[in-house]
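The values are calculated or read from the model by the stated rules, or taken from the named source; none is laboratory data. Just so it is clear, the structure is predicted and the values come from calculations on it, not from any experiment. With ideal geometry, Cβ positions are generated from the backbone for all residues, glycine too; neighbour counts draw on all protein chains shown. With ligands, DNA and RNA removed, areas are computed over all heavy atoms of the protein, side chains included. Shrake-Rupley method; radii C 1.70, N 1.55, O 1.52, S 1.80 Å.
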Amino acid sequence: MITVKDIKQSGLTDKLVLGYMSAFDHEQVVFCNDNATGLKAIIAIHNTVLGPALGGTRMWSYKSEAEALNDVLRLSRGMSFKSSCAGINLGGGKAVIIGDSKTQKNEALLRRFGKFVDSLAGKYITAEDVGMGTRDMEYIHMETDFVSGLPEAMGGSGDPSPVTAYGVFLGMKAAAKEKWGSDSLSGKKVAVQGVGHVGENLVRQLVKEGCKVTICDINEEKVKQLAAELKVTAVGLDAIYDVDMDIYAPCALGATVNDDSLSRLKCSVICGAANNQLADETIHGVEVIKKGILYAPDFVVNAGGIINVYYELEGYNRERALAHAENIYSTTLEIFRIAKAENLPTYAAANRIAEKRIQDIGKVKLSF
Ligand code: NAD
């Protein structure tokens, strides 16, 4: 994860935007302002070698423009890597709208944003992210066709969570194969943090596989209902880090693999859906190794969602999306192989695979 601190350390503070773009190889950053609607947004296109830059739009009350810029640049680069590792022909992009999604979001602002997306003529394709809902995407879609992840009723692919959960499940099987020599998860103790769209789907698959599952969520009703229906164990929010487990599956928030949790977690594998699980990848990506924990890189195992959206662009077919998501198993194993062979943390091996595919396909495109 790149932080403002990284930029400062790289001595680029005097040329914040272009310096950062150059340091992390971004192609284009578009600043959008509209006084009439109050829209203030940034669209970041990291890389379009593999295809159009696809990534969601996040609406958030950023404390400063620098914070918004840092977020959009970091997230767009993450999208390039996620799509590259997933073997799909999409580049990486992301957009942020600066503001409170509860009080400042309205039709005019979103449609104005849609016009900015449209002005990029398909180089950037947007989707839902934090602070945005289905209705918001409909408004954006009124001004541009370059919107993905639409509901099925609008001709889209609908909720991507089942495909994401399936990918995480396969990533977990790959991690089990690497750690214990068999990809059966039967009998394994799995702690799932967050039983929302992805977490619930994952828990259902794990129970079917014969795992002993422990869950937690801030939504107490949901926890109660799932515990009763699936006979899984429920624990409090903080207690999840201390349960007896083989596998920790973060499916709620980012940055939960940090100094505190690593001093408590007694798992052998970390594999879940949440984005940016390592609080600081250069520190905690190494700490997990010292603790004997195998970390399945988040953007590799949670790529089911982007794979699903990719097939929406191609003319949606859930079977094809699921079949493609099956590659997550072999990709995860390949990352473990490279990490071992080259003595790298697994996140670094995943970054390397992603960068290599972008470079290789870039060369292919040079030929007529
Ligand atoms: P969601 O909002 O449906 O579910 C998240 C769940 O986490 C909610 O039930 C929420 O109550 C719970 N939660 C929030 N804070 C918590 C806490 N402190 N402790 C325990 N539970 C907490 O989201 P989702 O779509 O299921 O996605 C889960 C994660 O996976 C997110 O980080 C998301 O960015 C990532 N992800 C999702 C997809 C997808 O297809 N939906 C794809 C890739 C990555």
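With the checklist (1) at pLDDT below 95; (2) within 18 Å of Asn201 (Cβ to Cβ); (3) more than 16 Å from the ligand (Cβ to nearest atom) in hand, flag the one item Lys231 doesn't pass.
If we test Lys231 against (1) at pLDDT below 95; (2) within 18 Å of Asn201 (Cβ to Cβ); (3) more than 16 Å from the ligand (Cβ to nearest atom), just (1) comes out false.
Quick one: which residue in Ala41, Ala53, Ala23 is modelled with pLDDT under 95 and open to solvent by less than 60 Å² (accessible area, probe 1.4 Å)?
On the way: Ala41 fails: modelled with pLDDT under 95; Ala53 fails: modelled with pLDDT under 95.
Exactly one residue qualifies, and that residue is Ala23.
Are any residues in region 94-128 more than 17 Å from Ala36 (Cβ to Cβ) and either in the same structural domain as Tyr347 (by TED's automatic domain parsing) or among the hydrophobic types (A, V, I, L, M, F, W, C) (or both), and if so, which ones?
Ala95, Val96, Val117, Leu120, Ala121, Ile125, Ala127
Within region 263-277, take every residue that is under 19 Å from the mean Cα position of the chain (by Cα) and buried (at least 21 other Cβ atoms within 10 Å of the Cβ) and give me the one that is farthest from the ligand (Cβ to nearest atom).
That would be Val269.
Does Gly199 count as at pLDDT 95 or above and on the phi > 0 side of the Ramachandran plot? If you could, list the steps in order and put the result at the bottom.
On the way: at pLDDT 95 or above: yes; on the phi > 0 side of the Ramachandran plot: no.
So Gly199 fails the test.
Looking only at region 156-199, which residues are open to solvent by less than 40 Å² (accessible area, probe 1.4 Å), within 16 Å of the ligand (Cβ to nearest atom) and assigned to a helix (DSSP H, G or I)?
Here is the first cut: in region 156-199, the residues open to solvent by less than 40 Å² (accessible area, probe 1.4 Å) are 156-158, 161, 163-165, 167-176, 185, 187, 190-196, 198-199.
So of that shortlist, the ones also within 16 Å of the ligand (Cβ to nearest atom) come out as 156-158, 161, 163-165, 167-172, 190-196, 198-199.
Scanning region 156-199 gives Ser161, Val163, Thr164, Ala165, Gly167, Val168, Phe169, Leu170, Gly171, Met172, Val198, Gly199.
If Asp280 satisfies every condition in (1) touching a residue at least 40 places away in the same chain (Cβ under 8 Å); (2) within 19 Å of the chain's Cα centre (by Cα); (3) open to solvent by 20 Å² or more (accessible area, probe 1.4 Å); (4) within 14 Å of the ligand (Cβ to nearest atom) but one, which is the exception?
With (1) touching a residue at least 40 places away in the same chain (Cβ under 8 Å); (2) within 19 Å of the chain's Cα centre (by Cα); (3) open to solvent by 20 Å² or more (accessible area, probe 1.4 Å); (4) within 14 Å of the ligand (Cβ to nearest atom) applied to Asp280, the lone miss is (4).
Take region 296-313 and flag every residue that is more than 10 Å from the ligand (Cβ to nearest atom) and either within 10 Å of the chain's Cα centre (by Cα) or under 11 Å from Gly171 (Cβ atoms) (or both).
Ala296, Pro297, Val300
Quickly run through region 138-155 and pick out the residues that are modelled with pLDDT of 95 or more, open to solvent by 40 Å² or more (accessible area, probe 1.4 Å) and not in a helix (DSSP H, G or I).
Within region 138-155, Asp145, Phe146 meet the criteria.
A quick yes/no check of all residues on (1) in contact with a Phe, Trp or Tyr (Cβ under 8 Å, 6 or more places away or on another chain); (2) modelled with pLDDT of 95 or more:
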residue: Leu253; (1), (2): no, no
residue: Arg264; (1), (2): yes, yes
residue: Asn275; (1), (2): yes, no
residue: Tyr295; (1), (2): yes, yes
residue: Val300; (1), (2): no, yes
residue: Ile307; (1), (2): no, yes
residue: Leu313; (1), (2): no, no
residue: Ala323; (1), (2): no, yes
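Among the residues of region 118-133, which ones are more than 13 Å from the ligand (Cβ to nearest atom) and outside any strand (DSSP E or B)?
We begin by selecting, within region 118-133, every residue more than 13 Å from the ligand (Cβ to nearest atom); these are 118-126.
Within region 118-133, Asp118, Ser119, Leu120, Ala121, Gly122, Lys123 qualify.
I'd like the residue in region 145-155 that is of a type outside the set (Phe, Trp, Tyr) and under 12 Å from Ala127 (Cα atoms) and, out of all such residues, is farthest from the ligand (Cβ to nearest atom). Break it down into steps so the answer makes sense when it comes.
The first filter runs over region 145-155 and keeps only residues of a type outside the set (Phe, Trp, Tyr), leaving 145, 147-155.
When the remaining residues are screened for being under 12 Å from Ala127 (Cα atoms), the result is 145, 147-151.
Details: Asp145: 22, Val147: 16, Ser148: 12, Gly149: 9, Leu150: 14, Pro151: 14 Å.
Filtering first and then ranking leaves Asp145.
Within region 346-361, track down each residue that is open to solvent by 20 Å² or more (accessible area, probe 1.4 Å) and out of contact with any Ser or Thr (no Cβ under 8 Å at 6 or more places or on another chain).
Tyr347, Ala348, Asn351, Arg352, Lys356, Gln359, Asp360, Ile361
Please go through region 244-262 and give me each residue that is surrounded by 18 or more Cβ atoms within 10 Å (Cβ to Cβ), more than 13 Å from the ligand (Cβ to nearest atom) and either over 22 Å from the mean Cα position of the chain (by Cα) or closer than 17 Å to Val223 by Cβ (or both), ordered by number.
The answer is Met245, Asp246.
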